[in-house]
Structures are given as C-alpha cells and as structure tokens.
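Working notes, beginning with the structure itself.
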Amino acid sequence: MTRKDWDTYFMDIAYMASTRSQCGRRHVGAVLVQGKKLLGTAYNGAPMGVPDCSEAGCMLVEEFELVNADGGEQVVKKQRCIRTIHAEQNLLLFTDREDREGSVVYVTDQPCWTCANMLANSGIAEIVYHRPYPKDAAKVRGLMDSRGMRFRMLEQYEPPAGTLTEVHN
Ligand SMILES: [Zn+2]
Ligand SMILES: [Zn+2]
C-alpha cells in the first residue's frame, strides 16, 4: 500500500468528522491544519445542548434562486436547512485566531458564500475542498482571488469507505 499524501490524509479526517453530522440534508466536515499539524475538527450541527436535525427534523427555509438554464434565466425554488451551524463556522468557533494565521482548511464541500466570507476574514491562507457547490462557486472564487487566498478542489480524491452520504440540495 502506498503512503497517503497530506491532502488525502487531511481530507480523510474531514470526511471522518462529517460522519458526526446529524443533518439529513448534508454531512460536512472540516479540519484546520497549521504546518501539517491538525489543530481542530468540526462538522455541521445544531448548537450544543439543542435538539439536532435527527431529533427535531431539519429546519427548512425556501429560497428562490435565479439560474441560467437552456439559454434563459429561470426562477427555481430551493430548500435549505438552517438548523445547523456550518462545519466551517464551528471550526472558527472552536479554534483561536493566533493558531489560524496562515493555516489551511480542508473541507468536504466547497464553502457556501457566508462561510467563505467568514473564512476570508479568519487568518486562513488556503481552502481545500472535495465536493463542488455550484450555487456560490463563482462568487466564492472571486472572493478568494481578491483576498489572495489559495482555493483548491481535490479532483482525484476518493473519500474513505463508509463516510460518504447522499447530498440533498
Ligand atoms: Zn438539517
Ligand atoms: Zn456554509
């Protein structure tokens, strides 16, 4: 067996963290790495001591989104669970600013706009993700560029067996 490279090693840990999530819509895991050292792990979930999605059900909101399809613009209705704190936000809540300066975040899913905005102001220098999230991709990419942050997708990566769950958008 060949030795795992660092990207695979840390993304595997992010996927392991994601298995703690109780949200039926999306299991997201994130880890903070400073110079090959693991400084924190997080997943999406309700605040501590508050019923989570498996107990109380997802807290769904409906949103209308303008999408480009078949050469025209279409309004599409989408649902989103707002019960959980996103994995990236929990990671920021449980790590120190000092530790984050120049660090790398490995996250199973491409961050949403809000998380990307927070990460951009958190001291983190690089974001590495696996599953794309097309909704905010262009906006987030533009933000990373103007902030001078590295932003990479692991295209060849395969999550560890048993850690991958279906995503409901
Ligand atoms: Zn949920
Ligand atoms: Zn998010």
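Taken together, the residues in segment 25-41 that are out of contact with any Cys (no Cβ under 6 Å at 6 or more places or on another chain) and within 16 Å of ligand 1 (Cβ to nearest atom) amount to 4. If only residues of segment 66-76 that are of a type in the set (Gly, Ala, Ser) and part of a strand (DSSP E or B) are counted, the one that is nearest to Arg20 (Cα to Cα) is Ala69. Just so you know, in segment 142-168 the residues that are part of a loop (DSSP other than H, G, I, E, B) and free of Cβ contacts under 8 Å to residues at least 40 places away in the same chain include one that is surrounded by the most Cβ atoms within 10 Å (Cβ to Cβ), and it is Met149.
Of all residues in segment 33-53 being over 20 Å from Tyr133 (Cα atoms) and hydrophobic (A, V, I, L, M, F, W, C), which is surrounded by the fewest Cβ atoms within 10 Å (Cβ to Cβ)? Residue satisfying both the conditions and the ranking: Met48.
Residues checked against (1) at pLDDT 95 or above; (2) among the charged types (D, E, K, R); (3) in a strand (DSSP E or B); (4) within 16 Å of ligand 1 (Cβ to nearest atom):
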position: Val107; (1), (2), (3), (4): yes, no, yes, no
position: Met118; (1), (2), (3), (4): yes, no, no, no
position: Ile124; (1), (2), (3), (4): yes, no, no, no
position: Tyr129; (1), (2), (3), (4): yes, no, yes, no
position: Lys135; (1), (2), (3), (4): no, yes, no, no
position: Val140; (1), (2), (3), (4): yes, no, no, no
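Applying the set (1) acidic (Asp, Glu); (2) within 11 Å of ligand 2 (Cβ to nearest atom); (3) farther than 20 Å from Thr163 by Cα to Glu88 leaves exactly one unmet item: (3). Summed over segment 121-167, residues that are farther than 15 Å from Ser103 by Cβ, touching a helix residue (DSSP H, G or I) at 6+ places or on another chain (Cβ under 7 Å) and of a type in the set (S, T, N, Q) total 1. None of Val67, Val128, Val107 is of a type in the set (Val, Ile, Thr) and without any contact (Cβ under 8 Å) to a residue 40 or more places away in the chain except Val67.
Using the structure shown, decide if Val33 is at pLDDT below 95 and among the β-branched types (Val, Ile, Thr). Here the answer is no, as Val33 does not meet what is asked. Residue pairs whose Cβ atoms lie under 8 Å apart, separated by 6 or more positions or on different chains, with the first residue in segment 20-46 and of a type in the set (Val, Ile, Thr) and the second part of a loop (DSSP other than H, G, I, E, B), are Val28/Ser21; Val28/Asn44; Val28/His86; Val33/Ser103.
Can you report the number of residues in segment 9-32 which are among the polar types (S, T, N, Q) and under 18 Å from Pro132 (Cβ atoms)? Of the residues in that region, 1 qualify. Can you tell me which residue is nearest to Thr108 (Cα to Cα) among those in segment 28-65 that are within 16 Å of ligand 2 (Cβ to nearest atom) and outside any strand (DSSP E or B)? If we take residues in segment 28-65 being within 16 Å of ligand 2 (Cβ to nearest atom) and outside any strand (DSSP E or B), then Val28 is nearest to Thr108 (Cα to Cα).
Here is a yes/no grid of residues against (1) out of contact with any Asp or Glu (no Cβ under 6 Å at 6 or more places or on another chain); (2) at pLDDT 95 or above; (3) surrounded by fewer than 14 Cβ atoms within 10 Å (Cβ to Cβ); (4) over 23 Å from Glu155 (Cα atoms):
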{"residue": "Arg3", "(1), (2), (3), (4)": "yes, no, yes, no"}
{"residue": "Thr8", "(1), (2), (3), (4)": "yes, yes, no, no"}
{"residue": "Met11", "(1), (2), (3), (4)": "yes, yes, no, no"}
{"residue": "Gln74", "(1), (2), (3), (4)": "yes, no, yes, yes"}
{"residue": "Thr95", "(1), (2), (3), (4)": "yes, yes, no, yes"}
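The values are calculated or read from the model by the stated rules, or taken from the named source; none is laboratory data. Please read these numbers as outputs of a predicted model, since none were measured by experiment. Counting neighbours? That spans all protein chains shown, and the Cβs are built from the backbone with ideal geometry, glycine included.
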